[in-house]
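Notes to accompany the following structure.
Nothing in this text is a laboratory measurement; each read-out follows from the coordinates by a stated rule. Computed from a predicted model, the values in this text were never measured in an experiment. Note that each Cβ is placed from the backbone with ideal geometry, even for glycine, and that neighbours are counted across all protein chains shown.
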Amino acid sequence: MTSVLGRELPPAGSHSPALTVAVLAEGGIADAALCALLQNAGHASFLVHTADLRPDPLRPTSASIAVVVARSADHIEAARNDPLLADARFVGLGVASGDPDGLDLTDSPNAASELLAFLQHVADDRARTPQVIRLTPREREIVVAYALGGTTREVAEIHHVAESTVREHYRRVVQRYEAVGRSVGNKSRLLVNLLADGWVRPQEIVAAV
């Protein structure tokens, strides 16, 4: 058994499946302690510097980030705009997470064990059911319009964005699906996934035909 922050933790790998957890950096030893706590519980963790949302060199580019842990309400708000974190559940340490599926923790002796229990709950939930991919409102507008048959140019003109922006939104959403094992080989397959997750209503498909 390993002791971290005074807690006896199980050996790494005993939590299955492991999660990828982003810790929003505040600076100081607490950042390292949080990462150590998570890693010793068998989860992959890394720091994200939210002052300018600059990731550190170890930040994954395609892994499905399951949970974001933060100690600042401002940093939580900033992180919600990061597409790489769009599918994550948020944990607030001493602050409100603002996530109905997340966790708000007070600074108490039980905080570490409550955090690990929540992570295990998330891991178990992800193992039981296919992961639903979250979209920002803007991503939904653009990607759904594209999946329903619009060309890159048509979608760009309708939503007043560059064609490269349409392609980037599409790439990011496809990346999220593929990161959780849901293949998106073409627009038709993307539409099937969007329909399954509730991002497209059947009547929208009928109207687009």
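Using the Karplus curve 6.51 cos²θ - 1.76 cosθ + 1.60 with θ = phi - 60°, work out ³J(HN,Hα) for each residue of region 102-112 in order, rounded to whole Hz, and write x for Gly and Pro.
Here the 3J(HN,Hα) series is x, 9, 10, 10, 8, 7, 9, x, 8, 4, 5 Hz.
With only alpha-carbon atoms counted, please give the Rg and Dmax of region 72-209, in Å.
17.7, 58
Taking amide H positions as placed in the peptide plane 1.01 Å from N, state which residues far from His49 in sequence (5 or more) or on other chains have amide H under 5 Å from it.
Amide H neighbours of His49, under 5 Å, 5+ apart: Ala25, Arg54, Asp56.
Using Cα centres only, tell me the gap between region 132-151 and region 186-209 in whole Å.
Taking the Cα centre of each part, region 132-151 and region 186-209 sit 9 Å apart.
Please name which of Val143, Tyr177, Gly198 has its Cα lying farthest along the dipole of region 137-208 towards the positive end, using unit charges on Cβ (Lys, Arg +1; Asp, Glu -1) and the Cα centre as origin.
Value computed over the given set: Tyr177.
Quick one: which of 137-143, 171-177 comes out on top by average Cβ neighbours within 10 Å, and what's the full order, highest first?
171-177, 137-143
What does the charge count around Thr136 come to, taking other residues whose C-beta lies under 12 Å from its C-beta (Lys +1, Arg +1, Asp -1, Glu -1)?
+2
Please give the charge dipole size of region 137-208, origin at the Cα centre, charges +1 on K and R Cβ atoms and -1 on D and E Cβ atoms. Round to the nearest 20 debye.
Here region 137-208 has a charge dipole of around 220 debye.
Please list, ordered by chain and number, the residues whose modelled amide H lies under 5 Å from the amide H of Val91; skip anything fewer than 5 residues away on the same chain.
Residues meeting the amide H criterion: Val68, Val69, Ala70, Leu103.
Rounding to the nearest 20 debye, state how big the charge dipole of region 89-209 is about its Cα centre with +1 on each Lys and Arg Cβ and -1 on each Asp and Glu Cβ.
Value, rounded to 20: 540 debye.
Would you work out the Kirkwood radius for region 137-208? I mean one over the mean of 1/r across all pairs of different Cα atoms, in Å.
That comes to 12.2 Å for region 137-208.
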